[in-house]
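In what follows, a structure is listed as structure tokens, so that the remarks can point back to it.
The numbers here are math on the coordinates, done by the rules we state, and not lab data. Because the structure is a prediction, the values reported are computed rather than measured. Cβ placement follows ideal geometry from the backbone for every residue including glycine, while neighbour counts extend to all protein chains displayed.
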Amino acid sequence: MRVVPLITASLVLVSLYLLVMERDMLLAWAGAEPAQAQAVADAESAADAAAGSELFAVVVERIAERDLESAIVLRGRTAASRSVEVRAETTGTVISQPRQRGSLVAEGDILCEIDPGTRAASLAEAEARLEEASARLAEAEINFNTTTRLSEEGYSAQNRVATAEATLRAARSGVEAAQAGIEAARAEMARLTIAAPFAGVLEVNSAEHGSLLAAGGLCATVIQLDPMLVVGYAAETQIDRLTAGAMAGARLSNGEQVVGQVTFLSRASDPATRTFRVEITVPNPDLAIRDGMSADMLIAATATRGHLVPGSALTINDEGTLGLRLVDATNHTVFAPVTVLRDAPQGFWVSGLPAEADVIVVGQEYVTDGIEVRVTHRGED
């Protein structure tokens, strides 16, 4: 039973040897001429060459440049347009009744009033010194005029004129000093009344009656809520598309929608996030918008043109550059680097392509630059 497999294997080996090593002899034995065999081999080689030279087929889509949607969406929050801590400029005891937080105040409304103490007496004393200095000035002027006239007529020595002139200058300096003292006393009296610098809302209670305020002590905090700011932060790729004065809107966390304008674009980025501050000013006459509410901002941006390409068409060349493979007029492939502007449901908006580009959308991963391909346009049979 073991002899049959051995005989079969031997016959197979002999047959393979004759087919490979003694092919011409077998063809002659079978009645085929060597020339005919060579012709058959040449035909096979030609068929193989023709198959190897067949062009690689790709699918191309012609994509034209067009305008992107000219709007930028940011996430932000509301903020008071003005906020100031009103502080005392002098020291004293508060004699006014406090205003409660949340109270509306108009520009010039008194927030805190400080006990004048001896300041009124100091003002009266300064006024008395001015009257005294004015009297001395009048006397010095009369003395100077008299001495000068007598000297001109030869009835008085010249040194008496110099003395009278010096006395007059001293009297004038005394009047100026007295006037400065009055102005300082009046300024000190004015510091006793602390008023609201603008119309707004008290964020915290004003200083309590009887409390002692030192110079720099906090009297009250006033915020202005009309108009209101909506503050967001734009990325480096977005900030150049925004301009001051552009129309903008925001949807607040409570569902309210507001419309305003861009009033500020930061020139310096945040060191931590590399984003730029953007401010929208919106009206808030009824003070319904509160400080610190979340908001979705939609800002009109300058028009940008680009190509909307399928995401699957993007590829990377040997240097790691993101781009697309195009087909030129002679059906040769070309790699074009691109910059992604933004994503979209249909793909990606990119820049860096000619106005009209024949983009390879199928087969781009299997071709290299400069080879000729067989082009089929998308949509053709």
Any GluC sites (Glu not before Pro) in the stretch 71-164 that lie in a DSSP loop and have at most 12 other Cβ atoms within 10 Å would be E107
Where a label projected 7 Å from the Cα of T163 along Cα→Cβ would reach, residues of the stretch 133-148 with amide N under 15 Å: 140, 143-148
With N residues in the stretch 293-367, what two-decimal value do you get for its Cα radius of gyration over 2.2 N^0.38 Å? 1.33
Taking neighbour counts of Cβ atoms within 10 Å as a proxy for exposure, in what order, fewest first, do H307, H209 appear? H209, H307
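Sorted from fewest to most neighbouring beta carbons within 10 Å, what does the list M293, M247, M228 look like? Can you show the working numbers first?
Numbers: M293 17, M247 13, M228 24.
Ascending number of Cβ neighbours within 10 Å: M247, M293, M228.
Share of Cα-Cα pairs in the stretch 208-360 beyond 23 Å, in percent?
59 percent
Take the Cα pairs of the stretch 267-327, get the Kirkwood Rh, then feed it into Stokes-Einstein at 37 °C and 0.692 mPa s and tell me D in µm²/s. Kindly include the intermediate steps, with their values, before the conclusion.
Numbers: Rh = 17.2 Å.
Calculated translational D: 190 µm²/s.
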Could you tell me the relative contact order of the stretch 116-191? Use alpha-carbon pairs under 8 Å, at least six residues apart, and round to a whole percent. 51 percent
Rg (one decimal) and Dmax (whole number) from the Cα set of the stretch 116-191, in Å, equal 17.1, 57
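How big is D, in µm² s⁻¹, for the stretch 159-220 by Stokes-Einstein at 20 °C and 1.002 mPa s if Rh is the Kirkwood radius over C-alpha pairs?
Working: Rh = 15.9 Å.
Stokes-Einstein gives a translational diffusion coefficient of 134 µm²/s.
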